[in-house]
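S.K.: My questions will all concern the structure given below.
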Amino acid sequence: MITLKRVSKFYDTNTQVLRAVDFSLGKGDFFFVVGDSGAGKTTLLKLMSGEEKPSKGSVLLNGVADVSTDSRVIRSFRKRTGFVHQDFKLFLDRTVLENVSLPLYFGRAGTGIKRISLFGGSVKKVVLDAMKLVDLPEKMFNTKVGNLSGGERQRVAIARAIINRPDVLIADEPTGSLDHNHTWAIIDLFQKLNLKGMAIILATHDRDIVRKVRKPTAHLEKGVLRFDTREGACLF
Amino acid sequence: MPILSIALAGMRRRFLSTLFTLFSTAAILIAGTILGYWSYWIHGDQANLKAHRSVAVFVSPKHANEADSLLPKILAMTGVESATIVEAEEFMEYLGEYFPDLQGSIDEVGTEILPTMIQVGFDKSLSLVARENTVRGITSVKGAIRVDDGAKQVSGAIASLNWLSVGAGIMGACLWLVLVVVSFTHFQGVQFKELQEIKLLRGFGASESWILLPWIVEACVYATFASMIGVLVLWFGRGELAVLFNQFFETLGYERFVINSEAALWAGVVMFLAGLMAHIIGGFAALLRGKFA
Ligand SMILES: Nc1ncnc2c1ncn2[C@@H]1O[C@H](COP(=O)(O)OP(=O)(O)O)[C@@H](O)[C@H]1O
Ligand SMILES: [Mg+2]
């Protein structure tokens, strides 16, 4: 679904974050991306979602469209992609409902999830379902995200990323702010979603997760991506 | 309606810039409307010029006694609203008011030397071409020796006044362009301030039109409130404006300038549309131009 072909990324001419990375994420795949902080994990994920453009090489969506060219294809691809940002990218001045329901405005065909109209319609139930999945209590529905704790915010961000039942979930350290129990609840959730066919790529620091959840792992080191298909292999 | 709350929430977030845009929109629209009124009074409605609405017909001394019989003939012509014989006293009064010396000398020789004069008033709706035909018709009536057409005499002045109104029109159009620029700057600022938000929405697959849609709602809000402010200001300031305008219009023989409720309503509609168009064009241009996100 997402293919990176010899992708390099420079933020400025001296600092090369990624060097000729080849990577391919197929339907129903589950990958970990590990690496020290500053290794380029976030950059890699942003390249996959099209938020960043490659300096060299190409990022192909469904094998055809290059993210740097066709905006229509990118838009329809994005509707089928969920992204959990490392810094959440939530609107703190808006309620949980308003944050979580945002992707529903853009809809997506074939999921049974109705696109909400800008001119009316309630999304309360869909949002409550998503909140339940990430273990957010129903009463937080109308709470402003700014009043939530870090862990709660992170779960709001996850709920928002999965509310549209995306084909691909790109999660950048989605458990970074969670306590032990919630971490595993979320990892369980991701595995369940993966079983239902959602492709997942998950960047993390957490060795425990990588060791216990036996999935292929990509190691980023000094901008070079090394693959380890031995599930659960952890080199660090 | 989510769209409305999205737009209003955005406006609330950048409250100062919203207020500034609202009031500058109102100010520009009011200034433009004042120019528009000016232009309309001079040019748009020729009937406002009194000279256009009347001619003086002088009756030959031979037919002076039959002046009364001329009246129905003149009244029967297209567009003639009134035809009255100007009595000598009335004329002398007029002279006394504006040309007292002349009045004095005529008084000495006696008012018999004054020719009989018929004041003909035209219908307001009479077109310029029809009016000319009617004037020609009056000229050919037996007994009328001279038709004094005030409009002919001031036609040179009117031509230059028309240029004045064209100038005012152009200034109005320029003001509208200024409004477009104000709006462009505003929405470019919005884009800059909400860079993260727009980026995120694009990340969900939002199209350009989706991003533009709340801005269009915002444009509607500006247009609505600015034109409401505009109508209120013009309505409560109509007296002052009329005094100012009439220093010019009355001296030149125009009808007194007034803003009635109909004119205020029209101004409101025009201000709303002008404001809306300017903000939509400004927002669209900002989105096309500033590919920040
Ligand atoms: N927008 C940016 N501009 C400049 N440098 C950046 C930017 N984003 C990331 N970097 C740099 O790129 C490197 C990799 O960052 P990142 O992808 O966030 O790593 P990770 O997510 O693995 O911690 C870091 O050295 C970081 O400082
Ligand atoms: Mg990171």
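S.K.: Pull out all pairs, ordered by first then second residue, where Cβ-Cβ is under 7 Å, the residues are six or more apart or on different chains, the first lies in region B:7-33 and is free of Cβ contacts under 8 Å to residues at least 40 places away in the same chain, and the second is assigned to a helix (DSSP H, G or I) and surrounded by 21 or more Cβ atoms within 10 Å (Cβ to Cβ).
M.R.: none
S.K.: Something else about it: Can you tell me which residue is farthest from ligand 2 (Cβ to nearest atom) among those in region A:30-51 that are surrounded by fewer than 21 Cβ atoms within 10 Å (Cβ to Cβ) and more than 22 Å from A:I74 (Cβ to Cβ)?
M.R.: A:D36
S.K.: I'd like to know if region A:201-215 contains one or more residues that are in contact with a strand residue (DSSP E or B) (Cβ under 8 Å, 6 or more places away or on another chain), assigned to a strand (DSSP E or B), under 21 Å from A:L4 (Cβ atoms) and more than 16 Å from ligand 1 (Cβ to nearest atom).
M.R.: Looking through region A:201-215, none of the residues is in contact with a strand residue (DSSP E or B) (Cβ under 8 Å, 6 or more places away or on another chain), assigned to a strand (DSSP E or B), under 21 Å from A:L4 (Cβ atoms) and more than 16 Å from ligand 1 (Cβ to nearest atom).
S.K.: Quick one: how many residues across region B:207-216 are modelled with pLDDT of 85 or more and within 9 Å of another protein chain (Cβ to nearest Cβ)?
M.R.: 2
S.K.: Right, something else. Just checking: which of the helices (runs of 4 or more DSSP H) contained wholly in region B:15-99 hold 1 or more residues that are in contact with a strand residue (DSSP E or B) (Cβ under 9 Å, 6 or more places away or on another chain)? Before the answer, list the steps.
M.R.: On the way: elements: B:15-39, B:67-75, B:88-98.
Per the criteria, B:67-75, B:88-98.
S.K.: Out of the residues in region A:52-76 meeting the condition of being of a type outside the set (G, A, S) and at pLDDT 85 or above, tell me which one is nearest to ligand 2 (Cβ to nearest atom). Even if it seems obvious, please write down each step before you answer.
M.R.: Residues of region A:52-76 that are of a type outside the set (G, A, S), as a first pass: A:52-54, A:56, A:59-62, A:64, A:66-67, A:69-70, A:72-75.
Adding the requirement that they be at pLDDT 85 or above leaves A:52-54, A:56, A:59-60.
On the way: A:E52: 12, A:K53: 18, A:P54: 18, A:K56: 21, A:V59: 18, A:L60: 23 Å.
The selected residue is A:E52.
S.K.: Only one of (1) of a type in the set (D, E, K, R); (2) within 16 Å of ligand 2 (Cβ to nearest atom); (3) modelled with pLDDT of 90 or more; (4) surrounded by fewer than 22 Cβ atoms within 10 Å (Cβ to Cβ) is not met by A:K9, so which one is it?
M.R.: Failed condition: (4).
S.K.: Can you name every residue in region A:146-155 that is part of a helix (DSSP H, G or I) and either free of Cβ contacts under 8 Å to residues at least 24 places away in the same chain or surrounded by 23 or more Cβ atoms within 10 Å (Cβ to Cβ) (or both)? Let's see the steps before the verdict.
M.R.: Going residue by residue through region A:146-155, those that are part of a helix (DSSP H, G or I) are A:146-147, A:150-155.
Correct list: A:N147, A:E152, A:Q154, A:R155.
S.K.: Give all pairs with beta carbons closer than 9 Å in which a residue from region A:36-54 that is within 16 Å of A:A171 (Cβ to Cβ) meets a residue that is within 13 Å of ligand 2 (Cβ to nearest atom) and part of a helix (DSSP H, G or I); count only pairs at least 6 apart in sequence or on separate chains.
M.R.: Once the first residue is within 16 Å of A:A171 (Cβ to Cβ) and sits in region A:36-54, its partners that are within 13 Å of ligand 2 (Cβ to nearest atom) and part of a helix (DSSP H, G or I) give A:E51/A:L45.
Here is a yes/no grid of residues against (1) surrounded by 16 or more Cβ atoms within 10 Å (Cβ to Cβ); (2) touching a Phe, Trp or Tyr at 6+ places or on another chain (Cβ under 9 Å); (3) among the β-branched types (V, I, T):
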| position | (1), (2), (3) |
| --- | --- |
| B:L102 | no, no, no |
| B:T116 | yes, yes, yes |
| B:G121 | no, no, no |
| B:S125 | no, no, no |
| B:V129 | no, no, yes |
| B:E132 | no, no, no |
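S.K.: So, one more: Within region B:260-293, count every residue that is under 17 Å from B:A26 (Cβ atoms) and at pLDDT below 90.
M.R.: Summing the residues that are under 17 Å from B:A26 (Cβ atoms) and at pLDDT below 90 in region B:260-293 gives 0.
S.K.: Kindly establish whether A:K27 is within 16 Å of ligand 2 (Cβ to nearest atom), touching a residue at least 60 places away in the same chain (Cβ under 8 Å) and not in a strand (DSSP E or B).
M.R.: Values: within 16 Å of ligand 2 (Cβ to nearest atom): no; touching a residue at least 60 places away in the same chain (Cβ under 8 Å): yes; not in a strand (DSSP E or B): yes.
No.
S.K.: Which numbered condition trips up B:I138, out of (1) in the same structural domain as B:A26 (by TED's automatic domain parsing); (2) crowded, with 19+ Cβ neighbours inside 10 Å?
M.R.: Going through (1) in the same structural domain as B:A26 (by TED's automatic domain parsing); (2) crowded, with 19+ Cβ neighbours inside 10 Å one by one, B:I138 breaks only (1).
S.K.: Within region B:15-38, is there a residue that is surrounded by fewer than 17 Cβ atoms within 10 Å (Cβ to Cβ) and within 14 Å of chain A (Cβ to nearest Cβ)?
M.R.: So far as region B:15-38 goes, yes, one or more of its residues are surrounded by fewer than 17 Cβ atoms within 10 Å (Cβ to Cβ) and within 14 Å of chain A (Cβ to nearest Cβ).
S.K.: Please find, among A:V17, A:V59, the residue that is near ligand 1 (Cβ under 9 Å from one of its atoms), farther than 12 Å from A:I201 by Cβ and part of a strand (DSSP E or B).
M.R.: On the way: A:V59 fails: near ligand 1 (Cβ under 9 Å from one of its atoms).
Every option except A:V17 fails the conditions.
S.K.: Could I ask something else about it? Looking at region A:42-56, is at least one residue away from every other protein chain (no Cβ under 13 Å), within 15 Å of ligand 1 (Cβ to nearest atom), part of a loop (DSSP other than H, G, I, E, B) and not small (G, A, S)?
M.R.: For region A:42-56, residues away from every other protein chain (no Cβ under 13 Å), within 15 Å of ligand 1 (Cβ to nearest atom), part of a loop (DSSP other than H, G, I, E, B) and not small (G, A, S): present.
S.K.: With respect to A:F88, determine if the residue is within 16 Å of ligand 1 (Cβ to nearest atom), in contact with a strand residue (DSSP E or B) (Cβ under 7 Å, 6 or more places away or on another chain) and either more than 15 Å from A:E52 (Cβ to Cβ) or at pLDDT 90 or above (or both). So that I can check it myself, show each step before the final result.
M.R.: Details: within 16 Å of ligand 1 (Cβ to nearest atom): yes; in contact with a strand residue (DSSP E or B) (Cβ under 7 Å, 6 or more places away or on another chain): no; either more than 15 Å from A:E52 (Cβ to Cβ) or at pLDDT 90 or above (or both): yes.
Judged against the criteria, A:F88 is not a match.
Yes or no, residue by residue, for (1) at pLDDT 85 or above; (2) more than 27 Å from B:F272 (Cα to Cα):
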{"residue": "B:S82", "(1), (2)": "yes, yes"}
{"residue": "B:E97", "(1), (2)": "no, yes"}
{"residue": "B:T116", "(1), (2)": "no, yes"}
{"residue": "B:V129", "(1), (2)": "no, yes"}
{"residue": "B:A144", "(1), (2)": "no, yes"}
{"residue": "B:A151", "(1), (2)": "no, yes"}
{"residue": "B:A168", "(1), (2)": "yes, no"}
{"residue": "B:V180", "(1), (2)": "yes, no"}
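S.K.: Still on this model: Could you check, for region A:15-27, whether at least one of its residues is modelled with pLDDT of 90 or more, of a type in the set (K, R) and surrounded by 15 or more Cβ atoms within 10 Å (Cβ to Cβ)?
M.R.: So far as region A:15-27 goes, yes, one or more of its residues are modelled with pLDDT of 90 or more, of a type in the set (K, R) and surrounded by 15 or more Cβ atoms within 10 Å (Cβ to Cβ).
The values are calculated or read from the model by the stated rules, or taken from the named source; none is laboratory data. Model, not experiment: these values are computed from the prediction. Backbone-built Cβ (ideal geometry, glycine too); neighbour counts: all protein chains shown.
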